[in-house]
1. Can you give the FRET efficiency for residue 19 and residue 75, using 1/(1 + (r/R0)^6), R0 = 25 Å, r = Cβ-Cβ distance, to the nearest 0.05?
2. Residue 308 to residue 68: extension gain in nm, 0.36 nm per residue of separation minus the Cα-Cα distance?
3. Using the count of nearby Cβ atoms within 10 Å as a rough guide to exposure, how do 329, 231 rank from fewest to most?
4. Under the classification rounded if a/c is under 1.5, otherwise prolate if a/b is larger than b/c and oblate if not, where does region 221-292 fall, given a ≥ b ≥ c as square roots of the Cα gyration tensor eigenvalues?
5. Quick check: the distance between the Cα centres of region 1-23 and region 231-297, to the nearest angstrom?
6. Packing-wise, with mean Cβ within 10 Å as the measure, how do 160-167, 178-185 rank, highest first?
7. In Å, the Kirkwood hydrodynamic radius of region 39-117 over pairs of distinct alpha carbons?
8. Return an integer: the convex hull volume of the alpha-carbon atoms of region 64-198, in Å³ per residue.
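Rule-based calculations on the coordinates, nothing more; no lab input. The shown structure was predicted, so the numbers you read here are calculated from the model rather than taken from an experiment. With ideal geometry, Cβ positions are generated from the backbone for all residues, glycine too; neighbour counts draw on all protein chains shown.
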């Protein structure tokens, strides 16, 4: 149908969208490889970001497969190929629908996570991760099974197969738009809470907000004043603004994509129900002997205009680019550079004999002790006192540093307290007061 109602350049525009999708695919692969092989301090990876990237990668596969296979779109002169007659059509349509479903679910789960952290001060943990994995992949798999069984996919426009009109509202579009609407509601509820907290912090002029006292045991999240709540919310948003931005972009793309396709289905179905609506177009083709260019104005009322369809395809193909802009970091590039340079910068271990003699003059630790005259002998600054012969007990109380009392000081020096021995304890010895215990064993 697209060959008759759109100009010849329409195929070129859809091919451009497929090439853009290939670039987005490369961006998604770069992100996934970075999260897999680079340390976490270089990537700040998170399972919500990883799963969302996998979902967009699956959706891009729906555009990349036809680009590589170049399938024949028409089964005969009036019937397009479907998933029953073309494996490429079935694969591209399945990946497109599965990726769209998974993308909606993971932005929905990401918005729920942000809402719980910002509005309810809930730290999402392992339980939420298990629930997210089950819902993020279970719902799309169930949705794609229902869509393929009750509707199927076929070539509608472009080289990618899209879902058919039959039963598509019930098994695909309405559930998809339901989760998209919930995501929008939760996201705007989170924004509303942030605005409320900000306005409350502006009206709060209490001294407790600017106090520098230490937190008490009774202070908790429920007893925080508005400015403290605002600072906490601001910190969370500063850490999560990338995720918020990607949620808004993907939701806008999916809603626009869904509205355009539903409207297109309704227009095509109305023409099928009332063929007289296409009478002017058919009459023009008959008069022009099959030349479509003079009749494109009459065909514009039967389909969505070319600019809108091209915008939908390009926006879907650009999702991988948005991911690398908002979820990617420059530290990933630096991490890959370090990872590639690591095998070449490793110090080679040389074999050194055990009985090799060390050259003191060339030893790195002796450089700072060398004088200007390289022939001068290296001597220590002060001579080392040779130990005295015999056993002697150290004189612990021989010299004491003088104590200089500071100005306006009311303290006085006290002798150091002897700590308790950490070894085995023994009973106190009994000896005369005149006996010096430190000199008992002196020889």
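1. The pair residue 19/residue 75 has a calculated efficiency of 0.45.
2. Gain on extension, residue 308 to residue 68, equals 83.9 nm.
3. 231, 329
4. Prolate shape, in that a/c is at least 1.5 and a/b is the bigger ratio.
5. With region 1-23 and region 231-297 each reduced to a Cα centre, they are spaced 15 Å.
6. By packing density, highest mean first, the sequence is 160-167, 178-185.
7. Hydrodynamic radius (Kirkwood, Cα pairs) of region 39-117 is 14.6 Å.
8. With only Cα atoms used, region 64-198 gives 127 Å³ per residue.
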